1. Just to verify a result, which residue in region A:104-147, among those that are within 13 Å of chain B (Cβ to nearest Cβ) and among the basic types (Lys, Arg), is farthest from the chain's Cα centre (by Cα)?
2. Kindly provide the set of residues from region A:163-188 that are touching a residue at least 24 places away in the same chain (Cβ under 8 Å) and either touching a Cys at 6+ places or on another chain (Cβ under 8 Å) or over 21 Å from A:Ile108 (Cβ atoms) (or both), ordered by number.
3. Under 24 Å from A:Ala127 (Cβ atoms) and of a type in the set (A, V, I, L, M), is that true of B:Ala112?
4. Among what's in region B:72-124 and is at the interface with chain A (Cβ under 10 Å from one of its Cβ atoms) and basic (Lys, Arg), pick the residue that is surrounded by the fewest Cβ atoms within 10 Å (Cβ to Cβ).
5. Any residue in region B:38-48 that is within 14 Å of chain A (Cβ to nearest Cβ), of a type in the set (A, V, I, L, M), buried (at least 22 other Cβ atoms within 10 Å of the Cβ) and out of contact with any Lys or Arg (no Cβ under 7 Å at 6 or more places or on another chain)?
6. Any residue at all in region A:149-169 that is in a helix (DSSP H, G or I) and either of a type in the set (Gly, Ala, Ser) or more than 8 Å from chain B (Cβ to nearest Cβ) (or both)?
7. Only residues that are within 19 Å of A:Thr115 (Cβ to Cβ) and among the charged types (D, E, K, R): list them for region A:126-159, please.
8. For the subset of region B:149-173 comprising residues that are touching a residue at least 60 places away in the same chain (Cβ under 8 Å) and either small (Gly, Ala, Ser) or within 14 Å of another protein chain (Cβ to nearest Cβ) (or both), which member is farthest from A:Ala4 (Cα to Cα)?
Amino acid sequence: MKHAVITQVSEADYLEGEAASQVRHEFVAGEVFAMAGGSKAHNIISGNLFALLRAALHGSGCQTFIADMRVRIATQSSYYYPDVVVTCAPADLAGDAPENHIESPSLIVEVLSPTTETIDRREKMLAYRHIASLREYVLVDQERRWVEVYRRTDAGWVADMYSPEDTVTFNPTALDAGKLTVSMNDVYEGSGVA
Amino acid sequence: MSLAHTHSPIGEADYLKLEETARDKHELVMGEIYAMAGASERHNRIAGNMFFHLRTATRGKPCRAFMADMKLRLAASTTYYYPDAMLVCDAEDDHPLYKQSPCLIAEVLSPATATVDLREKWAAYRSLASLRYYLLVDSEKLWAKVYFRDDTGQWFEQELSAEDRIDVACDGARLTLTLDDLYEDTGLLVV
């Protein structure tokens, strides 16, 4: 067979390319995929969740990141950019931790877009579950008020589905002090999503 | 303040029982169930062409060709998929409801599922030690690509043009595929 080329980019080549790239890419088991931009509502909802989590976790030793922080899933040889991600792991936050990615998040939020919803619901849902530290995976609809929180339990991943009148609970730290409860108004404030 | 409703994961045994009686097919990915969409005529014809050539190559050989309704189990991630076509040569891979060690997997790309085939499934499939070939054939336009692994474990990829051939060798089963073979009677003409 002619024209055959070696496939699979190495992690090192991906990271080097990403440092110089104008566009963000995700890395999935050796394949590189460019990321699409997002809508205003997507951006506002991500910002709301970032602000809520960051404020609630202030002084907890956890850190909240938005949009530009890569998450490395070593066992899958993959890197993703979640919309919002919380890590409480010293290995991610210590002075000598890697500058450009984290590996032990405890909570990840993805705001769903029509073009990437399937990836968030299937591929990333699976990939993120391979992260041992992850406690909660949050999917936020951007077309109606609807939030799903998948939580790791002894019986597998159990999801709470929140309708507009519900109050959403996050518990990224496993401690009562780190628990937060927000309304749908908080999540969707300013987004125009009713 | 009201409480959310809760959704629990589905175990493998419950999934397999569900699939035996369900009217539609579902995939299982680590406790989550996804319904499978139907497909276009062209998708069906391409899948049929692939199966025809795989089945022909396995006649009298220990390898077995499967299409559409045979599940592939990925034990490491508690995942079950329905590939469009598979070639299985491992005699011990004999569970009646699913296979675990294909040598070749083929997927026909549709607009609704191409992303899953190109990203999620490819990442999952390439974790199978038995896999040597992953063939992707577009149902919307003339485009096919094969990933193949050499004896050292290195993956290669090749997009097919009109004069190219894919040579498949899985144990005793050998076959050659061209775009003409894959797109026969689909209305998409190879020039």
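1. By that ranking, first place goes to A:Arg145.
2. A:Pro172, A:Thr173, A:Gly178
3. Spelling it out, B:Ala112 is indeed under 24 Å from A:Ala127 (Cβ atoms) and of a type in the set (A, V, I, L, M).
4. Checking each candidate, the answer is B:Arg119.
5. Scanning region B:38-48, I find no residue that is within 14 Å of chain A (Cβ to nearest Cβ), of a type in the set (A, V, I, L, M), buried (at least 22 other Cβ atoms within 10 Å of the Cβ) and out of contact with any Lys or Arg (no Cβ under 7 Å at 6 or more places or on another chain), so the answer is no.
6. no
7. Selection gives A:Asp141, A:Glu143, A:Arg144, A:Glu148.
8. B:Gly172
The values are calculated or read from the model by the stated rules, or taken from the named source; none is laboratory data. All values derive from a computational prediction rather than experimental measurement. Don't worry about glycine lacking a Cβ; one is built from the backbone with ideal geometry, like all the others, and counts go over all protein chains shown.
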